[in-house]
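First the structure, in the form of C-alpha cells, and then the observations on it.
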Amino acid sequence: MTHDKTAQDKRALHELTIHAALEGMRSGEFTSVQLTQALLDRIAAVDGNVKAYLRVTAEKALAQAEKADRRRAAGDDAPLLGAPLAIKDVLATSGVETTCGSRILQGFMPPYTATAVARLNDAGMVMLGKTNTDEFAMGSSTENSAFFTTHNPWDFDRVPGGSSGGSAAAVAADEALGALGTDTGGSVRQPAALCGVVGLKPSYGRVSRFGLIAYGSSLDQIGTLTKDVRDAALLLNVIAGSDPLDSTCLETPAPDYTAALTGDVRGLRIGLPDEYFIDGMQPEVEASVRQAVAELERLGAEVVRISLPNTDKALPVYYLAATAEASANLARYDGVRFGYSAGADSMFENIRRTRGEGFGAEVKRRIMLGTYALSAGYYDAYYLKAQQVRTLIKRDFEQAFTQVDVIAAPTSPTTAFRIGEKVDDPIQMYLTDIFTISANLAGVCAVSVPCGFDKANLPIGMQLIGPHLGEETILRAADAYERATDWQRHAPALTGRAS
Amino acid sequence: MHLTQEEVRHVAELAKLRLTEAEVRQYAAQLSAILDYAERIQEVDTSSVPPTPYVLGLENVMRDDEPQPGLDNEAALSNAPDSANGFFRVRAVFEE
C-alpha cells in the first residue's frame, strides 16, 4: 500500500530530501554521522530485496560523515556538507572498485576520480556506495548488469528501468538522499519515471565527462536522481561547469539553479509534440501527462501544439551512432592494461577471448552493430546517413524552440515492465527509450518528474525538454508543477516477488 | 537486410570478439532485425544535409601547455593483469 509521508508527524532521517537534511544539520537537529548511519541502516534493511547497490562503502561513508561534522563544527557550510548520496558504477572513484556492471572490469580500482564525483566530494558529500547499472550503461532495465538485476521498489517483480536503475531505485527506496546517474539515450530519465523520482539530464557539455567511463561520447552526460526538483538544482549547482580535463565541457559559467525555482510559470510557452503521443503507448501514461500539462496551463502557462517530424527516425539513428561510438570506445578492453584477461597463449587470441568472455550479450551485440555500421561498404549507408538524419532531428528542436520555451512529453511509453519480459527481444527493449533518445541526439536538456500512477500503482513520469543550456527553464516548470501536486510524497510499497 | 553467419564472423573478427556458434546464429538473426528496423532512415532525403557527429561545434579547444603531474608508474600498472620491470607484459605479437 502507498502511504503518504506527510501523514507522519516527522519523517525518518532516511526519508528526507537533500535540502531538508542540510537544514537539519545546519540547525544542529542531527549530525551527518547520525544521518549516514540511518541511511546505512535503511540499506541493510531493504537492499537485500531492492538490490540497488553493487557495493556499499560503509566505513568510508562514516569517515566522510565524521569529517563533514568536523567541518561544520569549524564553521564550514559547503553546499552538500554531510549529505549521503549514491554514485552510479560507471563513474570512476579512486580507491573504490568501479565495474560498469561488467565482468571485464571486475576488481578495477580507478587511479583517479571522475570530476563530477570530485566536485561532490569537495562540496561535502558522503558517498554511500556504487549503484547497479546495465553493463557499460547499455540497457533500459539493469537486466544487462553482469552481477544482478535491481528490483523496482514499487513492485519487486518489475524492472527499475535503466541503465541508471540502481541509482533510481536507491533514491526511491530511501537508500540514498540523491544519486548521480548517466544518460546516453534516457538512462537517467527513464528509470526516474519508472521509480517515481526526479531525473535530470543536463545539456551536452554542461557537466564534465572526465571519469565517466565512455559508452557513446557524443551523447553521454552525467545527470541526477533526486526526490524533488530543488535537490536536482542543488546537485547541478555543484557538478556543472567547465573542466580542463574535458575539452567538450563548456566554459559557459553555471548559474545558481535554485534561483530559477520561483514557482511562477505564467506566460511560459509549453509545446506538446504530436509525435510523442502515439499508438501503443499505455493509455494511463498519456492521460497522466495530458493532465499534468493541463495543470501547468492552470498555473498560467500557455500550451501550444507543435511537431517534431523526424521523431520516428531517432531510435534507428541512435542505435547506429551510439553503437558506432561504443565499438571504438570499448576497443580499450584488451586484457593488457586493466580488467579481465583470458590468459590465452597468443596476443590476438587473448584479445578475442578476453572480450568474448568478459563482455555480456548486449555489449557484444552493440559492438557488433557499431562495427558493422562503420565497416567498409556500409559506412555511408549507416553511420554517415545516421549522422545526417541526426542533423534533421537537431533542427526539429531548434525550430520548435523558436515557438515554445519547453516541450512536454511522456518520459516512457509505459510504466515499469516485468523482469524478463523484454530480454529476448532487443528491439522491444530499445523501444522503451523512444521518447528520451532525441534529447541526447540534439544535445538538449530534459527532466523527468513524477506525474501520476497507473492502475497497478506504478509511477508515471512527465518529461520536460528545454533548449541547449535551458536547465533553468525546465527546472522552474518542473518545480512549479511539483509544488502544485503531491506525487513525490507517495512512498513505494517495497513488496512483490524479490529473487 | 539479411546478415549471414559468415558476415557476422567477419564483423566479430573486425571487433576482435570470440563468439560461440550459438552467438553467431543469434546475432545473425538479431542484427538483421535491427538493421531492418533501421532501414527507415534510408527514406529520408539528406542530399544537402551535413552530418552531426557531435552537437557543440567546438573546435580546437586550447589551454596553456603547462606540465601537470600524471599517473606514476605504480598507479598506471596497478590494474594490469600482467606486468614486469615497470612495463605492461603481453604475449608475443608476431608468431613464429
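Every read-out reported here was derived from the displayed coordinates using simple, explicitly stated rules and does not represent laboratory data. Computed from a predicted model, the values in this text were never measured in an experiment. Because the Cβ atoms are built from the backbone with ideal geometry, glycine has one as well, and the counts that use them run over all protein chains shown.
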Relative contact order %, chain A, counting alpha carbon pairs below 8 Å whose residues are six or more apart: 19
Listed residue (A:LEU464, A:ALA116, A:GLY370) projecting farthest to the positive dipole end of chain A, Cβ model: A:GLY370
Under 30 Å from the Cα of A:LYS422 - lysines, other chains or at least 8 residues apart: A:LYS51, A:LYS88, A:LYS130, A:LYS201, A:LYS227, A:LYS313, A:LYS364, A:LYS385, A:LYS394, A:LYS455, B:LYS16
Relative contact order (%) - criterion: Cα under 8 Å, at least six apart; region: the range A:4-151: 25
Karplus 3J(HN,Hα) series, Hz, for the range A:286-292 with 6.51 cos²θ - 1.76 cosθ + 1.60 (x for Gly, Pro): 4, 4, 5, 5, 5, 5, 5
Sequence-distant residues sharing a close amide H with A:SER187 (under 5 Å, placed H): A:SER163
For A:332-341, mean number of other protein chain Cβ atoms within 10 Å: 4
Cα long-axis angle, helix B:21-38 against chain B (0 to 90 degrees, to the nearest 10): 60
Exposure proxy ranking, count of Cβ atoms within 10 Å, fewest first, for B:MET1, B:MET62, A:MET138, A:MET25: B:MET62, B:MET1, A:MET25, A:MET138
Estimated FRET transfer efficiency when R0 is 60 angstrom, pair A:GLN291-B:ARG9 (beta carbons, to 0.05): 0.70
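What FRET efficiency do you get for A:PHE277 and B:ASN85 if R0 is 60 Å and r is their Cβ-Cβ distance, rounded to the nearest 0.05?
Computed FRET efficiency for A:PHE277 and B:ASN85: 0.40.
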CD proxy at 222 nm, helix term only [per DSSP H run n ≥ 4: -39500 (n - 2.57); per residue of chain A; nearest 500]: -11000 deg cm²/dmol
Total charge dipole magnitude, the range A:365-499, about the Cα centre, Cβ charges on Lys, Arg, Asp, Glu only, Debye to nearest 20: 320
Surrounding net charge for A:ALA45, when Lys and Arg each add one and Asp and Glu each subtract one, Cβ distance under 11 Å: -3
Neighbouring partner chain Cβ atoms per residue of A:367-376, average, 10 Å criterion: 6
Point-to-point label distance, A:ALA259-A:GLU349, nm (Cα→Cβ direction, 7 Å offset): 6.5
Chain B: relative contact order as a whole-number percent, Cα under 8 Å and 6+ apart: 19
Cα-centre dipole for the protein assembly as shown with unit charges at Cβ (Lys and Arg positive, Asp and Glu negative), debye to 20: 560
Signed unit charges on C-beta, dipole axis of the protein assembly as shown, positive-most listed residue A:ALA381, A:ALA240, A:GLY343: A:GLY343
Taking A:ARG305, A:ARG355, B:ARG91 and counting other C-beta atoms within 10 Å, the order from fewest to most: A:ARG305, B:ARG91, A:ARG355
